1. Quick one: in the range 497-541, which of the residues that are out of contact with any helix residue (DSSP H, G or I) (no Cβ under 7 Å at 6 or more places or on another chain) and closer than 29 Å to residue 165 by Cα is surrounded by the most Cβ atoms within 10 Å (Cβ to Cβ)?
2. Any idea which of 625, 576 is within 30 Å of residue 501 (Cα to Cα) and either modelled with pLDDT of 80 or more or in a loop (DSSP other than H, G, I, E, B) (or both)?
3. From (1) free of Cβ contacts under 8 Å to residues at least 12 places away in the same chain; (2) closer than 16 Å to residue 146 by Cα, pick out the condition that doesn't hold for residue 210.
4. Name every residue in the range 350-386 that is surrounded by fewer than 20 Cβ atoms within 10 Å (Cβ to Cβ), more than 18 Å from residue 268 (Cβ to Cβ) and at pLDDT 70 or above, in order of residue number.
5. Test each condition in (1) closer than 29 Å to residue 136 by Cα; (2) in contact with a strand residue (DSSP E or B) (Cβ under 7 Å, 6 or more places away or on another chain) for residue 559 and report the one that comes out false.
6. Restricting the search to the range 272-304, which residues are buried (at least 23 other Cβ atoms within 10 Å of the Cβ) and more than 21 Å from residue 195 (Cα to Cα)?
7. When the range 702-751 is examined, which residues are found to be in contact with a Pro (Cβ under 6 Å, 6 or more places away or on another chain) and either of a type in the set (Phe, Trp, Tyr) or surrounded by fewer than 17 Cβ atoms within 10 Å (Cβ to Cβ) (or both)?
8. Among the candidates 306, 338, which residue alone is closer than 30 Å to residue 570 by Cα, touching a strand residue (DSSP E or B) at 6+ places or on another chain (Cβ under 9 Å) and modelled with pLDDT of 90 or more?
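The values are calculated or read from the model by the stated rules, or taken from the named source; none is laboratory data. Predicted model only: the values in this text are computed from it and were never measured. Note that each Cβ is placed from the backbone with ideal geometry, even for glycine, and that neighbours are counted across all protein chains shown.
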Amino acid sequence: MCAKDDLVGRKGPLSTSTQTWEVLFQTHDGRLAGEPATAESVTAKDPNHVDTFGSDFAFSFAAWLQRIKCTLGDVDSLFADARLHDLHTRLPFQSGRQWQEAMSAMQSGIQDDIWIQEDIAKTSGLSGLEADQHFFVYQNILSLIAFIISHRPFADELVYAPSQFFSGNTDYPVRVYHELHSGDWWWNIQQSLPDGATVVPIIISVDKTQLSLISGDVAAWPVYVTIGNLSREARRRRSTPGTLLAGFIPTTKIRDPLLKSQVYHYCMGKLLSPLENAAKSGILLACADGRTRQCYPTICAILADYEEQVLLTGVKKNRHCTRCTVAPDDREDLCGSYPWRTEQFTRLQQERCLDKGHDDFVHPVDCFGWKHHNFNIHVSLATDTLHLLLKGLVMKMLDFMQDMLDDIYPGSRKTWDNSTTPVTQESGSTQLNERFRQVMHSTGLKRFNNKRAFTEVSQWTGTEQKAIIQQLVAVVSPLFVSKAPFALHFIRAVCDLVTLAQYKSHDEDTLAYIQGALERMNVFKEEFRVYRRTLGEEKNFNYPKWHALTHIIQDIRMYGALDGICTGANSEAHHITMVKQFYSMTNKKEYILQICLHNSRRTALLAADHATVVKQSRPSTTVDIQDRTYSTRVTRPLPFRRLGWSIPGIQPHSTKLPLSEVAANIAISDFTHAAAVFVRNKRQAAAGQLITSYDEDRLDVDPSWVGRMSVQIHPSIKCWRSSGKRHNDPEHCDEEVVRCAPNWQQTGLWRRDYVWVQEFEHGDNRRQSRTVTDGRVVAQLHLILTIIDHTRYDKDGKHMAYIGAFSEVLLFNNNGQIDNTTGMLSVRRRAWNAAPKRRTLQAFKFYDLSTIIRPVHLVPRDLPDSTTRTTMSYYVNNYIDWDEYNRLYSPTFDIDLLRTLREYRRKRTRNN
């Protein structure tokens with residue numbers, strides 16, 4: 001159980017893999033791991049496709065037909081066209097059937113690539129019902145494993161031994177988890193094997209999918225296989241054969257649940273049976289580095305949703321955890337910890353509980369997993385961020401939230417403001433839709449605009465669910481912050497949990513932050529208890545997917561970061577490329593076998609292409625990474641005709657304009673003043689003169705001299721932000737475009753993005769430094785300009801050019817401190833000061849290009865004014881990406897959250 005006053009909720013560093021050091025298994029345990037069985041290195045010969053197709057052209061053309069998903073009829077039509085006779089003569093095949101035979105004959109695919117077909121009939125021991133004949137098709141799983149581990153282009157992406165990674169110094173090491181080989185599962189299995197053995201962790205993905213909803217609701221139940229030796233990026237990459245189709249479980253509808261379980265376990269057992277002896281005795285496998293190793297292929301993880309986990313384990317649906325021994329009525333507490341289920345525990349339950357009405361009833365299924373060495377099927381059912389968090393927790397939270405908002409804001413009633421004017425209050429759902437419509441653009445962010453309102457979405461995709469987490473807290477905070485602040489704390493805790501769980505690497509600190517998010521959810525869930533929808537039961541959170549959240553930290557310790565064992569990357573994505581696309585190429589008769597044969601050809605083609613790409617590419621080196629620079633730059637200047645301005649004497653294709661004409665067209669009175677200050681400061685800096693803080697913003701008495709200069713207007717800036725997507729390269733940044741362009745998407749309006757600007761360095765004694773922002777300010781771009789100074793020359797004799805952004809600077813609310821309830825910064829526009837004797841710039845300034853750091857995502861706190869269509873106050877959305885999430889947080893947030901938890905507990909005690 002968790003202590004009442006534990007510190008909770010802290011956010012972690014962007015990448016926990018910075019400056020890590022590695023402890024090899026051999027160093028720690030004194031025994032070898034992943035060692036070659038022989039000293040000889042085997043040099044494999046590259047398959048020669050010219051032998052199969054006669055020429056590189058014929059191979060390339062045949063591969064192209066496969067990539068564009070041509071059917072046999074499509075290829076036959078190609079050869080029936082007499083106008084393409086010259087093409088026909090250059091190809092060794094003259095029909096669709098011959099084309100498929102040539103593709104199947106490629107030597108780059110799986111050895112012994114044979115699809116085994118079997119008809120199954122099982123009889124239920126309880127009901128006596130006999131199943132219909134079921135068609136089961138599968139491959140020898142050892143052939144698939146041998147292909148992946150020996151595929152030579154994977155040589156640099158394979159690991160053969162476990163390691164432990166640490167950050168910090170050797171006196172106070174902090175454990176780091178990222179890839180599978182950094183977790184405890186591999187380490188523990190290695191300790192049980194002979195000296196020098198190579199563990200091959202087998203990852204199985206099982207996920208039923210719909211092939212067509214039009215022609216008879218056609219479904220398929222594919223099984224995919226990959227190995228944990230391969231990096232997670234390579235496992236989920238669609239352009240390489242890192243994950244393979246292993247077979248199809250029959251999908252015939254069976255009403256008897258026991259009979260359905262028997263068929264399922266028989267098929268899984270048959271498919272995985274070659275691993276029973278291999279995991280115990282080992283087999284010799286040729287590896288991608290040319291060495292042969294004694295390998296022990298062991299089932300590591302089975303990725304499946306809850307419905308399939310029930311089939312796999314035989315537990316009572318909706319009453320039992322498929323993984324641990326928690327009692328059916330104790331699943332509400334997210335701070336509890338219970339032992340894993342074991343084979344012995346399950347068998348004992350089967351013997352004791354034959355009554356289906358008993359709470360501990362377990363279906364008497366002979367589980368295939370009991371025959372495998374070093375394998376506990378309950379432990380292997382790893383956390384799936386797609387089904388558990390995005391499709392489970394997030395969707396439940398959205399239901400709770402909408403129900404509460406409709407109660408808080410029922411709509412259709414009049415209220416009165418301070419001027420006693422009646423105001424019609426809109427319903428919570430209507431306000432929610434409107435606030436989602438106001439969300440601004442951000443690269444890669446899915447927005448819910450007029451085309452598709454938030455509450456009108458019925459079928460949610462993983463992309464949309466991730467997008468919700470990126471914007472939800474900023475969108476709903478104005479609706480909850482005064483009416484239901486503790487409910488907002490629950491929403492924040494859920495978003496924190498989902499965001500943290502998707503990290504690419506973890507350390508003990510980030511695991512503590514995940515535990516903190518769980519503790520906050522555990523406390524603040526009471527706000528939504530009344531909205532928990534149950535059938536004929538007391539409102540409760542005692543359901544399987546809620547309790548499954550308690551296993552997240554255990555799974556990270558065992559398997560590394562969760563994105564390596566997520567069905568979204570390991571099965572959902574492969575449904576499209578391995579099953580659904582090929583279903584459309586079949587004749588819809590015996591389509592399962594046709595899909596399998598298409599996959600064989602696909603694997604051979606991917607392997608051939610991968611080998612070619614790796615051979616022709618130059619691998620990146622440490623020197624390349626060290627020499628990498630990230631510099632902000634502008635894009636090509638706009639021609640005059642794109643601006644939509646009317647300036648006599650300017651050619652439409654010209655990119656240079658007089659600054660005075662630009663000032664006349666943008667109608668911002670401070671533009672000329674700001675340009676004069678900018679040019680003056682650039683001149684002084686070039687001359688090596690010291691610029692004081694007063695001089696930086698001091699107005700010229702007469703700034704008209706700058707109007708004679710020429711300018712170029714740019715539509716966007718390319719800047720960089722830390723992505724956090726590469727645990728082994730924490731300094732990697734993704735390019736991002738910040739736009740300030742006219743007639744955006746043909747609307748006739750300018751798009752003017754917001755950016756972070758480094759106005760002064762942290763600790764600058766001339767300014768008041770802020771802990772959170774470190775000298776950065778938020779600004780809205782109004783023009784991106786290159787100002788050409790005709791009176792100054794650079795060292796090459798060219799006119800000096802000053803690149804800057806004319807921007808409106810926003811003010812921080814609350815002295816730039818994070819709000820404890822929302823967890824966000826907020827900013828507001830400045831009130832215009834029209835004093836005629838101002839001495840310094842105010843809201844509008846020019847910033848040098850080098851000071852623009854990255855885009856900032858703002859979400860309106862108040863809805864736009866109906867007249868001016870402008871918003872005066874915004875939240876700085878720190879959930880938009882990992883870079884912002886890990887930088888914008890209060891240094892005292894742990895104390896603040898602890899205080900909030902205590903306050904909430906006192907409130908609950910008083911009310912009870």
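1. Per the stated criteria, the residue is 505.
2. Working: 625 fails: either modelled with pLDDT of 80 or more or in a loop (DSSP other than H, G, I, E, B) (or both).
Going through 625, 576 in turn, just one is within 30 Å of residue 501 (Cα to Cα) and either modelled with pLDDT of 80 or more or in a loop (DSSP other than H, G, I, E, B) (or both): 576.
3. (2)
4. 350, 351, 352
5. Against the list (1) closer than 29 Å to residue 136 by Cα; (2) in contact with a strand residue (DSSP E or B) (Cβ under 7 Å, 6 or more places away or on another chain), residue 559 comes up short only on (1).
6. 272, 301, 302, 303, 304
7. Within the range 702-751, just 750 meets the criteria.
8. On the way: 306 fails: touching a strand residue (DSSP E or B) at 6+ places or on another chain (Cβ under 9 Å).
After applying the criteria, what remains is 338.
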